[in-house]
Amino acid sequence: MLALILLAFISSAASQNCVNTPAEWLSALDNALNGGGIQCAGADLMIRFDTLGKNSDPPVALSKYNNFWAWASGSDSLDVYMQMAQSIGDRKQFASAIMKYVGFDNTEVDDQSKYILTVFSREEMGNSAPFKPFQPIWQDLFSYFYNFEVCFYHGQENLCDGQPWSVQFNMEVQGNLTNLAVDQATDCNDSFGDSECSLKFSEMENDLLQARGDSSLHPSGVLAATQKYMNYVGSNGVAIPMSNMVDDQARAFFEVALGATWLFTGNGYSNNGQEDTGKEWIVRGDSPMSKIGGQRYQLYP
């Protein structure tokens, strides 16, 4: 399906100049939704799809949870969305089609929610973060987490820790996460949290979720979960060094701290449960929209 959509898009857009700013692309999308032509996206453009409560204001940062790490798609997905918009026309159906393409569990469009597209600049995102956007391939993730810088936005001011952080995974864990399917690594059957998940996975997942949700911690959120993993003490009060962690525990870290869902494969591409779709990227989620050239578009209602 993806190949057919891209082939159709390339055929239609080959003679066009690509649009290179978020505002231009969203204007072109609006035109396509209303029966107009389509335009390709410049390589600098990135996109996220989010749902918000009907009465919620858009967040100041890219991530509605203000997470340090967030997920985004590149220009290949913008091109797919543009083709979808022209083909479907109806905004509600388009929102549902995006959710199916991305791999949402629930693809029904709820009139009590808002469906938002956020388009931003890859270059400006890289300038706002201590890391450049990168595809989450397993080996690249292990390398990144071995030595990474953590920063915090206080308003528009970006403050960084003086010392790098390090989350380490032994070679057996790296091999298992790379080569085993998610159900094999965690013993879960159909999803995280089901009754078949291993005790080691379930205990780590629960402890990291508690840390992530504890607003009294500083840093809070996914960085609190990361610190919990780095300095983990089990329910029996015994510390477990990262070098002694097993793949079940490491996969819980990637789920809770990074947001790597059940469908995550670690090959650099998003997967919707049926097929690989566009390239996926890790970006800085707490970057203010003003720092990344971001523009939002309320798709529905």
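Could you say whether any residue in segment 48-55 is buried (at least 17 other Cβ atoms within 10 Å of the Cβ), among the basic types (Lys, Arg) and part of a loop (DSSP other than H, G, I, E, B)?
The answer is no, given that none of the residues of segment 48-55 is buried (at least 17 other Cβ atoms within 10 Å of the Cβ), among the basic types (Lys, Arg) and part of a loop (DSSP other than H, G, I, E, B).
Taking segment 242-273, which residues are assigned to a strand (DSSP E or B), closer than 13 Å to Trp138 by Cα and touching a helix residue (DSSP H, G or I) at 6+ places or on another chain (Cβ under 9 Å)?
Result: Asn267, single match.
Do you know which residues across segment 156-208 are polar (S, T, N, Q) and open to solvent by less than 70 Å² (accessible area, probe 1.4 Å)?
Asn158, Ser166, Asn170, Gln174, Asn176, Thr178, Thr186, Ser191, Ser198, Ser202
Yes or no, residue by residue, for (1) farther than 25 Å from Ala23 by Cβ; (2) touching a helix residue (DSSP H, G or I) at 6+ places or on another chain (Cβ under 9 Å); (3) of a type in the set (Asp, Glu):
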{"residue": "Glu124", "(1), (2), (3)": "no, yes, yes"}
{"residue": "Tyr146", "(1), (2), (3)": "yes, no, no"}
{"residue": "Asn158", "(1), (2), (3)": "no, yes, no"}
{"residue": "Gly162", "(1), (2), (3)": "yes, no, no"}
{"residue": "Asn170", "(1), (2), (3)": "yes, yes, no"}
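Is it the case, given these coordinates, that Gly259 is surrounded by fewer than 22 Cβ atoms within 10 Å (Cβ to Cβ), within 24 Å of Ser128 (Cβ to Cβ) and of a type outside the set (Lys, Arg)?
So Gly259 fits the description; yes.
Which ones in segment 199-227 are assigned to a helix (DSSP H, G or I), under 22 Å from Tyr146 (Cα atoms) and either of a type in the set (S, T, N, Q) or without any contact (Cβ under 8 Å) to a residue 12 or more places away in the chain (or both)?
Thr226, Gln227, listed by residue number.
Would you kindly identify the strands (runs of 3 or more DSSP E) lying entirely within segment 108-168 that contain at least 1 residues that are of a type in the set (D, E, K, R) and modelled with pLDDT of 95 or more?
In segment 108-168, 113-121 are the strands (runs of 3 or more DSSP E) which contain 1 or more residues that are of a type in the set (D, E, K, R) and modelled with pLDDT of 95 or more.
Of a type in the set (Asp, Glu), without any contact (Cβ under 8 Å) to a residue 60 or more places away in the chain and within 22 Å of Trp281 (Cβ to Cβ) - does that describe any residue in segment 22-40?
yes
Before we move on, is Ala225 hydrophobic (A, V, I, L, M, F, W, C) and either farther than 24 Å from Arg284 by Cβ or open to solvent by 40 Å² or more (accessible area, probe 1.4 Å) (or both)?
no
Kindly indicate the residue of segment 15-39 that is of a type in the set (A, V, I, L, M), within 25 Å of the chain's Cα centre (by Cα) and open to solvent by less than 20 Å² (accessible area, probe 1.4 Å) and also nearest to Ile88 (Cα to Cα) among those meeting that condition.
Among those residues, the one meeting the criterion is Leu29.
Taking only segment 153-198 into account, find how many residues are under 23 Å from the mean Cα position of the chain (by Cα), touching a residue at least 24 places away in the same chain (Cβ under 8 Å) and within 22 Å of Asn231 (Cβ to Cβ).
Counting residues in segment 153-198 that are under 23 Å from the mean Cα position of the chain (by Cα), touching a residue at least 24 places away in the same chain (Cβ under 8 Å) and within 22 Å of Asn231 (Cβ to Cβ) gives 9.
Ser243 passes all but one of (1) open to solvent by 30 Å² or more (accessible area, probe 1.4 Å); (2) at pLDDT 95 or above; (3) of a type in the set (Ser, Thr, Tyr); (4) more than 17 Å from Val173 (Cβ to Cβ); which number fails?
The failed condition is (4).
Would you be able to tell me the number of residues in segment 263-301 that are of a type in the set (A, V, I, L, M) and either open to solvent by 40 Å² or more (accessible area, probe 1.4 Å) or farther than 21 Å from Asp76 by Cβ (or both)?
Total satisfying the criteria: 2.
Out of segment 86-109, which residues are within 19 Å of Leu26 (Cβ to Cβ), open to solvent by 30 Å² or more (accessible area, probe 1.4 Å) and under 16 Å from the mean Cα position of the chain (by Cα)?
If the condition is that a residue be within 19 Å of Leu26 (Cβ to Cβ), open to solvent by 30 Å² or more (accessible area, probe 1.4 Å) and under 16 Å from the mean Cα position of the chain (by Cα), then Val102 is the only one that fits.
Being open to solvent by less than 30 Å² (accessible area, probe 1.4 Å), over 20 Å from Tyr81 (Cα atoms) and either touching a Lys or Arg at 6+ places or on another chain (Cβ under 6 Å) or not hydroxyl-bearing (Ser, Thr, Tyr) (or both) is the requirement here; does Met230 meet it?
So Met230 does not fit the description; no.
With the requirement that a residue be among the polar types (S, T, N, Q) and touching an Asp or Glu at 6+ places or on another chain (Cβ under 9 Å), what does segment 278-301 give you?
The one that is among the polar types (S, T, N, Q) and touching an Asp or Glu at 6+ places or on another chain (Cβ under 9 Å): Ser287.
Could you please give the count of residues in segment 110-152 that are open to solvent by 20 Å² or more (accessible area, probe 1.4 Å), touching a strand residue (DSSP E or B) at 6+ places or on another chain (Cβ under 6 Å) and closer than 30 Å to Lys54 by Cβ?
2
The values are calculated or read from the model by the stated rules, or taken from the named source; none is laboratory data. Everything numeric here is computed off the predicted structure, so don't read it as measured data. Cβ atoms come from the backbone with ideal geometry, glycine included; neighbour counts cover every protein chain shown. Only protein heavy atoms, including side chains, enter the accessible area calculation; ligands, DNA and RNA are left aside. Shrake-Rupley method; radii C 1.70, N 1.55, O 1.52, S 1.80 Å.
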